[in-house]
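Written below as structure tokens is the structure these notes are about.
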Amino acid sequence: MAELLPPGVAPAAFAAALTEFRQALGAEWVFTSADDRASYLDPFAIGDRDDHATAAALAPADTDQLRAVLRIATRHKVPLWPVSMGKNFAYGTAAPAIKGTVVLDLKRMNRILEINEDLGYALVEPGVSFFDFKDELDRRGAKFWMSGPAHSWGSVIGNALEHGVGYTPYGIHADTICGMEVMLADGSLVRTGFGAIPGSQEWQAFKLPFGPVLDGLFTQSNFAIVTKMGLWLMPEPAEMAGVTIDGPGRGDLARLVDTLRPLKLDDTINSTYTIANGMRQITGGARRADIWQGPGAIPIARIEQALATRGKGWWNVIFNLFEHTAGGMDLRVEKVRRHFADRMPQAKLSVVRWKQGEPQAPWMRQETSLAPLAVVDWRGSPGGHSDFGPVVAAVGSRVNTLYEMVERRFEEFGLDPWIGMFGIGGRALVFVADMLYARDDKAMTEACKALFRQLCKDAAQMGIGVYRTHLEFMDDAAAAQTWGDRALPRLNARIKTALDPVGILAPGKQGIGRKPA
Ligand SMILES: Cc1cc2nc3c(=O)[nH]c(=O)nc-3n(C[C@H](O)[C@H](O)[C@H](O)COP(=O)(O)OP(=O)(O)OC[C@H]3O[C@@H](n4cnc5c(N)ncnc54)[C@H](O)[C@@H]3O)c2cc1C
């Protein structure tokens, strides 16, 4: 891997910065060898992995070392890309948006500072992974559960900062944040919310302080480095049910969304629901070559055929129900059954149940795992995937229009339309329209880029934006924010300039700070 300089930094200045970084952190925590730097490349890169290569990586042990890094970086104008676990698979992993930016790896700051079992919260550092966190809850026999993403390699903080999603009533992870400690680019440390009051016992207990609520300012942003975060934990339920809905045909999406909406709005369905299209269903336990060997995307008719042999309809929905009153689950399940029987009699519901004290099962999604990563080699190995993630109001007709547009574009660009939709709040769905590709197939990765950019434009025409993107597409996503003569990007740019005038923190993240708005 060729040596690199951070953007705009002269060789002598970078050499001086590296010497100072080594003095501050110890030489073993400043990574400059080709092998070390290669470990920060995006394994799912959409195209040339070197487009987002880092010039070096730094791993501070604590906030004092972090402050020293920031001062040196500011002096030599070396841009830094903070990551917590750096397992942001599908969105860039640990790689920076702009080639040469130095990765600031916070994995060594990995203390679980508090798990409060009276109030149900935790205070953690960036390097605490979901694996670590679950182990600690289990070790304590805590009566609180974690809400994690599908794979557990990531960081509790990193995932919440990225607006990550889980599958419990606490599945909007950014909503569970209560109080942060952040370090600004000038090295000053700030505690948000009631953390501003010395001796506060309410920092992780109440989200609305005296003054503005700042926690959100530091999610999906490059305004500061988050060094501690409070997160609320879900009390262990008394009962759970796992519901699967099968059977709706291709034309039933609008009705399905409109049927699910009232149940989600009134909290009968009190966790994230996932709607999977036919393509998403046929990948489980199958090889693509057994289904389709022709050119381009698998034709819809072929997918329908594969579904028919498994006795499945085009749409499948899964969600879990959580109940804190023993016996209450019967009512909740019955309500879901009746609601569907009245509105979508063709839908087949199957339900599995769990009660406190019984062994847990995989459908409860409480196990830590790497299993979901298996899908990446669908188009060939080494594989990759990234997704187009528009957010759409949970109104059947609008969801259906968007779905049809996205599916049509996938087929047009020769990519299998592997599409899921997550009902994470009552009022909107987040699409995860996955582009599965063979990483070394240049034509395929170019098609992914062209597809994503086309979809961004199509969605913007409908007044729809995305919730999260791969590094490759952050500018494209931000380009849709045109209301009021780009008032929001201009405000972001002003905040960025005020908090990070030299521009050393994560340039280009979410399209902020790469170039003037
Ligand atoms: C098969 C598969 C399934 C997935 N399933 C899910 C899922 O169910 N739900 C979900 O949400 N995601 C999912 N993902 C996406 C992603 O892999 C996870 O969200 C993962 O948890 C993110 O990585 P991380 O937690 O290590 O965050 P990091 O990589 O550590 O951080 C992500 C980004 O946040 C910023 N950041 C991180 N830490 C800091 C900090 N301390 N200060 C300032 N900025 C910071 C940086 O910009 C960084 O690049 C999935 C990916 C794949 C491939």
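Before moving on, here are some points about what is shown:
- Within-12-Å neighbourhood charge of Ala394 [Cβ basis; K, R +1; D, E -1]: +3
- Since only Gly384, Gly100, Val466 are under comparison, the one whose Cα sits farthest along the positive direction of the charge dipole of the chain, derived from C-beta charges on Lys, Arg, Asp and Glu, is Val466.
- Rounded to 10°, Cα long-axis angle of helix 300-309 versus longest principal axis of the chain: 60
- Percent of alpha-carbon pairs separated by more than 25 Å within region 239-468: 44
- Dipole of region 148-242, positive end: most advanced residue of Gly166, Ser188, Pro212 [Cβ charges, Cα centre]: Ser188
- Summing charges over neighbours of Ala460, with a neighbour being any other residue whose Cβ is under 15 Å away from its Cβ, gives +2 when K and R count +1 and D and E count -1.
- Ranked from largest, the principal axis spans of the Cα set of the chain equal 70, 57, 45 Å.
- A simple rule links phi to the HN-Hα coupling: the Karplus curve 6.51 cos²θ - 1.76 cosθ + 1.60 with θ = phi - 60°, which for region 366-377 gives 9, 7, 7, 6, 10, 3, x, 5, 4, 5, 5, 8 Hz, with x for Gly and Pro.
- Computed Kirkwood radius, in angstrom, where 1/r is averaged over Cα pairs of region 447-487: 10.5
- Ordering of 348-359, 422-433 by packing is 422-433, 348-359, highest average first (other Cβ atoms within 10 Å, averaged per residue).
- Relative to its residue count, region 49-203 spans a Cα convex hull of 118 Å³ per residue.
- Average silhouette area of region 112-235, convex hull of alpha-carbon atoms, in square nanometres: 7.4
- Calculated P(r) of region 379-517 - Cα pairs past 27 Å, %: 28
- Within the chain: Cβ-based charge dipole about Cα centre, in debye rounded to nearest 20 (Lys, Arg +1; Asp, Glu -1): 840
- Charge-dipole axis of the chain as Lys and Arg at +1 and Asp and Glu at -1 on Cβ define it, positive-most pick from Gly296, Met344, Cys448: Met344
- Whole-number percent relative contact order across the chain, with pairs defined as alpha carbons under 8 Å at least 6 apart: 16
- The listed peptides 260-267, 324-331, 52-59, ordered by packing as a protection proxy, come out as 52-59, 260-267, 324-331 (highest mean of other Cβ atoms within 10 Å first).
Values quoted throughout were computed directly from the atomic coordinates according to the rules given, and no laboratory measurement underlies them. This one's a predicted model, so the numbers in the text were calculated from it and none came from an experiment. For neighbour counting, all protein chains shown are included, and Cβ atoms are generated from backbone atoms with ideal geometry for every residue, glycine included.
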